[in-house]
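The structure under discussion appears below in the form of structure tokens.
The values are calculated or read from the model by the stated rules, or taken from the named source; none is laboratory data. In this text the structure is predicted, and so the values were computed from the model without any measurement. Ideal geometry is used to build each Cβ from the backbone, glycine not excepted, and the neighbour counts take in all protein chains shown. Ligands, DNA and RNA are excluded from the accessible area calculation, which covers all protein heavy atoms including side chains. Shrake-Rupley method; radii C 1.70, N 1.55, O 1.52, S 1.80 Å.
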Amino acid sequence: MNAFVSQLESLTALSDLFRLFNSGKHLNRVAEPALWAELEREQDSYQALFSALGFDLRIAQRGYAWFHTDEANNSVNKTSSQFALLFMCLFNTQADVGQPLSRFGDWRIDKPLIAEAYEQHQELLKAEGLDLDRFTGLLESATRLGFVLAHNGYWQLLPAVNRYLEHFESLMSMQDGIFEEQTSEGDDQPEDEEEYV
């Protein structure tokens, strides 16, 4: 029993980490370096303790951690879908101007960039019921959940956004694969059939 108590006492950020993760927030190395250092120092102990309590603590090598759950309610699903839309619009807009997606943490997400992303994807965003103000408001929600850090006049995407970037890149590679497949099928047509297409 004393060993258990001693181990708990060594987990100095236990209540802070539990409160953060249990609220649905992500911990990011960039935004909270002291808390991150404590989690890294006692990673195995925190994961074992949270697991014993029924929580699945995931720690990504890219510098973020969260409580993973497979049971999402409608509110969580809607928020996650809106974040996916927000980040997809930002990724797409930045890719169009040659910004490397892997360096998203270096981008300054300011009002002109948000307005540009909104304008480029206006049809899709309006179909989802998002005007420019609500689209911008998603950054505030993303800030509360540890995906974004608010600065004076701009936002910074945090490492947890990698969860969305990986899906975005996966979709892009699937789309490229389908396009290549369709293109190669078109090349296989006999010459006399091409005239009638």
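Details
- Restricting attention to region 28-55, the residues being of a type in the set (D, E, K, R) and open to solvent by less than 60 Å² (accessible area, probe 1.4 Å) number 3.
- Residues satisfying the stated conditions in region 55-69, i.e. outside any strand (DSSP E or B) and more than 13 Å from the chain's Cα centre (by Cα): Phe55, Gln61, Thr69
- Residue among Thr93, Thr79 that is at pLDDT 95 or above, of a type in the set (Ser, Thr, Tyr) and surrounded by 13 or more Cβ atoms within 10 Å (Cβ to Cβ): Thr93
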